[in-house]
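Visitor: The structure is given below, and queries will be raised subsequently.
The values are calculated or read from the model by the stated rules, or taken from the named source; none is laboratory data. Quick caveat, the model's predicted, so the values are computed rather than measured. Please note: Cβ atoms are built from the backbone with ideal geometry, for glycine as well, and neighbour counts cover all protein chains shown.
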């Protein structure tokens with residue numbers, strides 16, 4: 001690894017000597033994180049509207065919904081983060097509105113999108129479950145892409161590892177609050193430069209979500225009831241997040257319990273989704289036997 005390297009996947013031979021996390025246009029700094037999130041949103045909308053066309057739905061409905069959902073999701077993602085990281089905001093409330101400093105939680109965004117969809121479908125007299133089946137395809141597409149914003153921010157990583165995908169990061173690039181005692185115990189010093197070596201959990205989640213999206217795209221023509229794709233999304237994403245959240249060093253903790261809130265929420269979603277899927281398929285089988 002080069003002495004000046006900022007990031008290296010040490011066992012894959014991939015090295016980035018100088019990692020930039022923003023560009024400047026007319027003196028105004030634009031973070032790659034925001035650019036990537038924007039790309040994720042646009043790509044997710046493209047996936048959702050194409051699925052709507054496939055189903056014979058009006059794609060304009062999803063574009064109209066997205067105008068509300070994007071705003072509400074950003075607000076909810078911020079609220080979720082602030083609530084469970086209150087200690088860092090209680091003495092400086094104005095920082096709550098400083099989004100440029102980071103602090104958005106994806107689960108808050110998902111909750112915000114779901115609430116918006118409930119309200120939207122009721123007002124438009126549309127099926128929540130039907131729209132959720134298509135909407136979640138766009139959502140997970142955005143999540144796949146959006147996680148790479150964490151890479152440029154040098155965040156959302158796990159504890160120490162020397163596995164195949166181990167990622168070494170220059171310590172100076174990382175928020176000290178994200179560096180655990182375990183990482184400090186395995187601190188690497190090369191030519192006077194300090195590095196931490198971590199699980200790239202942003203990569204794990206992006207790849208997991210990609211596999212889940214491929215499955216959903218394959219299964220969508222085989223679904224047996226409205227809401228099934230949405231439930232499989234909740235189940236699949238929750239399963240991945242349970243184990244990935246468990247190794248992250250920047251967990252949001254459920255107040256003073258020591259329980260990672262996103263891990264607990266993921267487990268709840270997995271159990272509920274699995275139970276609903278089981279009973280719905282059981283009902284379908286019973287009904288099918290009764291008709292024969």
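Visitor: Select, from 264, 274, the only residue that is surrounded by 12 or more Cβ atoms within 10 Å (Cβ to Cβ) and free of Cβ contacts under 8 Å to residues at least 24 places away in the same chain.
Guide: 264
Visitor: Just for the range 155-176: of the residues that are in contact with a helix residue (DSSP H, G or I) (Cβ under 7 Å, 6 or more places away or on another chain) and at pLDDT below 95, which one is surrounded by the most Cβ atoms within 10 Å (Cβ to Cβ)?
Guide: 156
Visitor: Given the options 126, 139, name the one that is in a loop (DSSP other than H, G, I, E, B) and under 30 Å from residue 221 (Cβ atoms).
Guide: 126
Visitor: Out of the residues in the range 197-242 that are without any contact (Cβ under 8 Å) to a residue 12 or more places away in the chain and within 16 Å of the chain's Cα centre (by Cα), which is farthest from residue 261 (Cα to Cα)?
Guide: Going through the qualifying residues, I end up with 211.
Visitor: A further question on this structure: If you check residue 96 against the conditions, is it modelled with pLDDT under 95 and in a helix (DSSP H, G or I)?
Guide: yes
Visitor: Give the range 224-259 a look and list any residue that's buried (at least 19 other Cβ atoms within 10 Å of the Cβ) and in contact with a strand residue (DSSP E or B) (Cβ under 6 Å, 6 or more places away or on another chain), or say none.
Guide: Correct list: 245, 248.
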